[in-house]
Amino acid sequence: MSNSFPDWHGTTIIGVRKGNEVVIAGDGQVSLGQTVIKGTARKVRRLSPGGYEVVAGFAGSTADAFALLERLEAKLEATPGQLQRASVELAKDWRTDKYLQKLEAMLIVTDGAELYVITGAGDVLEPEYGIAAIGSGGNYAMAAARAMIDSDKSAEEIARRAMEIAAQICVYTNGNLTVERIAK
């Protein structure tokens with residue numbers, strides 16, 4: 001069955017861990033086919049279930065991502081202070097629940113100590129080099145961040161510059177950033 005609506009595209013989310021800080025940055029562009037629908041979307045959120053602070057960035061369908069963020073918050077409330085366990089439980093549900101299996105999104109999450117990419121394939125991935133990236137410009141941002149990770153730049157400086165580079169290459173990524181920093 002084919003869908004007659006054009007695909008929603010666009011997003012670049014990057015997470016950079018350096019020293020005792022983690023930064024998640026995301027662009028603001030939402031595109032429908034070849035048209036930019038919105039340039040100021042907020043795809044990086046700070047969650048505080050039970051006072052436990054987590055930052056999450058999402059790529060994919062916005063409604064699907066919000067459904068996943070709500071589920072993640074519930075998992076974090078059930079397992080306070082245990083981001084890895086909450087992430088694994090979310091990934092298991094996502095893979096086995098018939099409703100959740102249809103969701104099209106990916107998440108990058110951090111509590112300042114741990115950094116994970118969560119996918120609908122049941123993956124909870126801890127990235128190498130302290131850099132995670134998702135979305136249409138994710139590979140560009142990741143390559144740029146990898147080139148800077150050994151420099152004197154802070155995690156935030158690396159994330160911002162990597163997003164700037166991705167926005168110059170990926171037509172589905174813009175320079176309107178949301179940046180959230182968390183340290184442990």
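Values in this text are rule-based calculations from the coordinates and carry no lab data. What you are looking at is a predicted structure, and each value in this text was computed from that prediction instead of being measured. Cβ sites come from the backbone with ideal geometry, for glycine too, and all protein chains shown count toward neighbours.
Tabulated data for the structure shown
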item	result
Ranked packing of 138-144, 64-70, 23-29, 95-101, most packed first, by mean Cβ within 10 Å	23-29, 138-144, 64-70, 95-101
Calculated from backbone phi, Karplus (6.51, -1.76, 1.60) coupling profile of region 57-67 in Hz, x at Gly/Pro	x, 10, 10, x, 4, 4, 4, 5, 5, 5, 4
Rounded Å value of the spacing that divides the Cα centres of region 151-184 and region 67-106	26
Label corresponding to Cα extents along the principal axes in Å when calculated from the structure given, among [x] 119, 40, 22; [y] 45, 41, 24; [z] 42, 41, 25	[y]
Approximate spin-label separation residue 125-residue 152, in nm, with each point projected 7 Å along Cα-to-Cβ	3.3
Out-of-range pairs (alpha-carbon distance over 21 Å; input 75/98; 38/92; 18/184)	38/92
Net length gained if the chain between residue 77 and residue 35 were fully extended (0.36 nm per residue, minus Cα distance)	11.2 nm
